[in-house]
Amino acid sequence: RHESDVRLRETEDRYRVVFDSAPYGIVITDPVTRKFLAANKAFLQMIGVARDELPNLGVEDIHPAENLPEILAKFDKIAAGEMRSAENIPVKTRKGKVFYVDISAHVAPYGGKKALAAVFRDITARKEAEARCSEAAARFSALTQHLIELQEAERRRLAASTLDERC
């Protein structure tokens, strides 16, 4: 029995190291109540809460109110096994700052019950880079259009001056 207890502790320690050192947020959620059952350090840091606050929080608490209907519909589809990922999902921190994540999730056993295990990958930096690229592309397009207009004006000016010289 003692040997089994030691092996169990070693297994739990290995699990805890992997779980808490993962670079992405990991959260275990009750699919019925939508309350959080467990989370790793990265997830807690993402949303800005302490581990002891987690049992009081759920899906509804970490997303902007205006996005909840869509997010809850996706949550229910994941809980039903109809989908496994959701992209570009807004998440709000305890202080109200919104950032974006891609979520991969699946149904998994937890504590003898069905739960959802989800991995949150922060994509805020990527979204900001994409926005900067779009802005740069729009500026480039405007500059290109302006250059074309200048070329056309110069062509008209040259044609008019050539016509004046001939007359």
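Structure above, values below:
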| read-out | value |
| --- | --- |
| DSSP-loop GluC sites (Glu not before Pro) across the range 1-98, with at most 10 other Cβ within 10 angstrom | E82 |
| Heavy atoms of L158: accessible area, 1.4 Å probe, square angstrom to 10 | 80 Å² |
| Test item: Cα-centred dipole of the range 104-154, Lys/Arg +1 and Asp/Glu -1 on Cβ, debye | 820 debye |
| Average accessible area per residue (Å²) across the range 1-109 - probe 1.4 Å, nucleic acids and ligands excluded | 62 Å² |
| Mean separation of Cα contacts under 8 Å, 6 or more apart, over the residue count of the chain: relative contact order % | 17 percent |
| The range 110-167 - convex hull of alpha carbons, volume per residue in Å³ | 61 Å³ |
| The range 29-71 - percent of accessible surface contributed by carbon and sulfur, probe 1.4 Å | 53 percent |
| Scattering curve values for the chain, log₁₀ I(q)/I(0), Debye with Cα scatterers, q = 0.12, 0.15, 0.16, 0.18 Å⁻¹ | -0.66, -0.89, -0.97, -1.13 |
| Of every Cα-Cα pair in the range 18-109, the percent that sits beyond 15 Å | 59 percent |
| Over the chain: helical MRE at 222 nm, DSSP H runs n ≥ 4 each giving -39500 (n - 2.57), nearest 500 | -17000 deg cm²/dmol |
| Between 0 and 90°, nearest 10: helix 2-21 axis offset from the chain longest Cα axis | 20 degrees |
| 18 Å Cα-Cα reach of K35 towards aspartates and glutamates, excluding residues that sit fewer than 8 places from it in its own chain | D52, E53, E60, D61, E70, D76 |
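The values are calculated or read from the model by the stated rules, or taken from the named source; none is laboratory data. Just so it is clear, the structure is predicted and the values come from calculations on it, not from any experiment. When we count neighbours, we look across all protein chains shown, and the Cβ atoms used for this are built from the backbone with ideal geometry, even at glycine. SASA here: full protein model, heavy atoms, side chains in, ligands and nucleic acids out. Shrake-Rupley method; radii C 1.70, N 1.55, O 1.52, S 1.80 Å.
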